[in-house]
Amino acid sequence: MSKRAVSTQQIHHPYRAPEGWDAHPVGVFKASTVLFKDTADLHTYRPRDGKSYRYGLHGTPTSYTLAARIATLETAEHCLLVPSGLAAVTLVSLGLLRPGDEVLVPDNVYGQNRYLSESLLPQFGITHRFYDPLDAAGLAAMLSPKTKLVWLEAAGSITLEFPDVLGIVAACKQQGVLTAMDNTWGSGLAFNAFELAPGLGVDVSMQALTKYASGGADVLMGSVCTRDLALHERLNHMHEHLGYGLGQNDVELVLRALPTLELRYRAQDATTRALAKWMQARPEVAQVLHPALAGSPGHEYWLQTSSAGAACLFSVIFKPEYSAAQVDAFVDALELFGIGYSWAGPMSLAVPYDMSRSRALPSKLEPGRIVRFALGLEDVADLQADLAQALSQLSAGA
Ligand SMILES: Cc1ncc(COP(=O)(O)O)c(C=O)c1O
C-alpha cells in the first residue's frame with residue numbers, strides 16, 4: 001500500500017482500548033504507583049522500552065501511545081516525550097555530549113539553545129562554536145575530532161534562514177559527527193528530517209510539541225525521535241536521570257490535536273505565504289523573510305529538501321527610516337495579533353526583535369527593525385485588513 005497522508009495515519013494509528021470499550025479516543029491513564037503482582041514480579045527487571053510499566057514517571061499507556069504516534073509522524077523508530085521543547089533541546093545536548101566535547105550550533109538558533117550552549121554546557125566542560133547555516137563548506141572546515149554534535153534548525157528562529165541541510169548533514173556524516181535537528185518548524189510535515197535525500201538524514205529530530213502538535217497554545221511538551229537504538233538508549237538514560245514527567249491530561253490534549261495537525265499546518269502555511277507576499281509589496285517594508293519566497297536567505301536550500309510545506313512564520317524588516325518606537329507602535333496598533341512568544345496556536349502573534357543584539361547573520365539581512373509574525377487560524381482577509389490599518393498608521397506617523 002502506498003504511504004498514507006499524515007492525517008490518515010494519525011486517525012487510524014493502532015490503539016487497543018480495554019476489552020468491551022470499543023471507542024477510538026485514547027484513554028487517559030494516570031498513576032505514580034504501578035502495582036506489582038508480588039515480590040517476585042517486583043524483582044523482575046522491566047526495561048524502559050516504551051512498552052513495560054514500572055512507575056508513572058517512566059510512561060503510561062497514554063504517553064506510550066502519543067510517543068508511538070510522534071515516531072510515526074517523523075518516520076522514526078523511537079520517541080522520548082519531555083515536558084517542553086526546551087527540555088527536549090537540553091536532553092539532546094546533555095545526553096550526547098561529554099566533558100571535552102564540542103558542539104556546533106547555528107548562528108540563528110532558537111535563543112534558549114544558544115543560551116544552553118553558552119551558559120550550562122560549559123559547566124560540564126563542553127565547548128561550543130556558532131556556525132553560518134548557509135555555509136556548509138565553512139561548517140565542514142570547523143569539524144574537528146572534538147566535535148561530537150552539530151545542531152541544525154530549519155528554518156532558523158526569527159530570521160528564518162533555511163540552512164544548507166543537505167551540505168551540512170553530508171559533511172557531518174563524512175566525519176562521523178552526530179546531527180540533531182530542531183524540527184519544530186517542519187513538524188514532520190514540511191520535510192522528512194530522517195530522509196532529507198536518499199540515504200541522508202539527521203540522527204536526532206526534536207520538536208517543541210508545544211507548537212503544531214498541540215495546536216491549542218495550551219500545552220508545553222517536547223519530543224526527541226531517533227531511528228538508531230543505541231542512540232535512543234543514550235538519550236533514554238539521560239531522560240531517566242533528568243526525571244522528566246508529563247501530565248497525562250496534557251498528553252491527551254496533544255493526542256486530540258494530532259488528527260487535525262496536517263489540516264492546520266497546511267491552512268496556516270497558506271495564510272502565511274499569502275500575507276508574506278502581500279507584505280513584500282508594501283512601501284514600508286525593506287525585506288520579508290520566509291523560506292518559500294525567492295530571495296529569502298536559504299530559499300534554494302528549502303527548494304532542495306521541502307515537500308512544499310512551510311510553517312506559519314514570517315519576519316518583516318522595516319525600512320531603516322522607521323524607528324524602533326514607530327515599529328513598536330505599529331505592533332501595538334494591530335488588533336488581531338497578540339504580542340507574545342510561541343507560535344502555531346489558533347491566535348496570530350507579532351513580536352518586534354532588536355537584531356542589533358543578535359548574532360543571526362545580520363550581514364545577509366537589510367538593516368532595520370524586525371518583527372516576527374506567527375499566523376494563526378483566523379480568516380486571512382481579516383488579518384490582511386488588520387495589517388493594512390496598522391501599516392497606514394505607521395506610514396502616516398513617519
Ligand atoms: C524553534 C523552537 N524550538 C524550541 C522551542 C522551545 O519550546 P518550548 O516553548 O516548548 O520550551 C521553541 C519555543 O518557542 C522554538 O521556537
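General observations
- Calculated diffusion of region 153-242, Stokes-Einstein form, Kirkwood radius summed over Cα pairs, 20 °C and 1.002 mPa s, µm²/s: 152 µm²/s
- Cα→Cβ-extended label distance, 7 Å offset, between Ser392 and Ser7, nm: 3.6 nm
- Multiplying the residue separation of Glu240 and Thr39 by 0.36 nm and removing their Cα-Cα distance gives an extension gain of 70.0 nm.
- Per-residue ³J(HN,Hα) for region 88-93, Karplus 6.51 cos²θ - 1.76 cosθ + 1.60, θ = phi - 60°, Hz, x for Gly and Pro: 5, 4, 5, 4, 5, 5
- Vicinal HN-Hα couplings computed from phi for region 253-258 (Karplus, 6.51 cos²θ - 1.76 cosθ + 1.60; Hz; Gly/Pro x): 4, 5, 4, 5, 7, 4
- Taking amide hydrogens as placed 1.01 Å from N in the peptide plane, the amide H of Ala286 sits under 5 Å from those of Ile317, Phe318, Lys319, each at least 5 positions away in sequence or on another chain.
- The chain, Rg to Rh (Cα coordinates; Rh as Kirkwood inverse mean 1/r): 0.99
- The H on the amide N of Glu77, modeled in the peptide plane, is under 5 Å from the matching H of Thr226, Arg227, each at least 5 residues off or on a different chain.
- Whole-Hz couplings from phi, Karplus 6.51/-1.76/1.60, listed for region 143-153; x for Gly and Pro: 5, 9, x, 6, 6, 10, 8, 10, 7, 10, 9
- The order of the peptides 126-133, 335-342 by mean Cβ neighbours within 10 Å, most packed first, is 126-133, 335-342.
- Seen from every direction in turn and averaged, the convex hull around the alpha carbons of region 238-397 projects onto 12.0 nm².
- This model, with +1 at the C-beta of Lys and Arg and -1 at the C-beta of Asp and Glu, gives the chain a dipole about its Cα centre of some 660 debye.
- Here r is the Cβ-Cβ distance between Glu366 and Gln174 and R0 is 56 Å; the resulting FRET efficiency, rounded to 0.05, is 0.95.
- When the charge dipole of the chain is built from unit charges on Cβ atoms (+1 for Lys and Arg, -1 for Asp and Glu) and taken about the Cα centre, the candidate among Phe191, Leu91, Leu387 whose Cα reaches farthest toward its positive end is Leu91.
- Estimated inter-spin distance, Ser32 and Glu195, nm [label 7 Å along Cα→Cβ]: 4.4 nm
- Within region 294-390, trypsin sites (Lys or Arg not before Pro) in DSSP loop having at most 12 other beta-carbon neighbours inside 10 Å: Arg359
- Take every Cα pair under 8 Å whose residues are at least 6 apart in sequence, average their separation, divide by the length of region 261-396, and the relative contact order is 28 percent.
- Region 166-200 and region 269-322 have Cα centres spaced 23 Å apart.
- If R0 equals 45 Å, the separation of the Cβ atoms of Thr127 and Glu19 corresponds to a calculated FRET efficiency of about 0.25.
- Label-point separation, Glu77 to Asp49 (7 Å along Cα→Cβ), nm: 1.4 nm
- Candidates Thr226, Ala276, Ala40 compared by Cα position along the dipole of the chain: farthest toward the positive end lies Ala40, with charges placed on Cβ.
- Projecting the Cα atoms of Asn113, Met355, Thr72 onto the charge dipole of the chain, computed from C-beta unit charges around the Cα centre, puts Thr72 farthest toward the positive end.
- Remark on region 224-293: hydrodynamic radius 16.4 angstrom, per the Kirkwood mean of 1/r across alpha carbon pairs.
- Cβ crowding within 10 Å ranks Val224, Val254, Val288 as Val288, Val254, Val224, fewest other Cβ atoms first.
- Only lysines eight or more places from Lys173 in sequence, or on another chain, were considered; those with a Cα closer than 16 Å are Lys146, Lys148.
- In this calculation the C-beta distance from Glu321 to Arg98 is compared with R0 = 45 Å, giving a FRET efficiency of 0.35.
- Distance histogram in 10 Å bins (all Cα pairs of region 39-259, percent per bin): 8, 35, 36, 16, 4, 1
- Amide H contacts of Ser84 (H built 1.01 Å from N, under 5 Å, at least 5 apart or other chain): Gly222
Taken together, the values in this text are just the output of simple stated rules run on the coordinates, not laboratory data. Values in this document were obtained by computation on a predicted structure and should not be read as measured data. Using ideal geometry, Cβ is built from the backbone for each residue, glycine included, and neighbour counts are taken over all protein chains shown.
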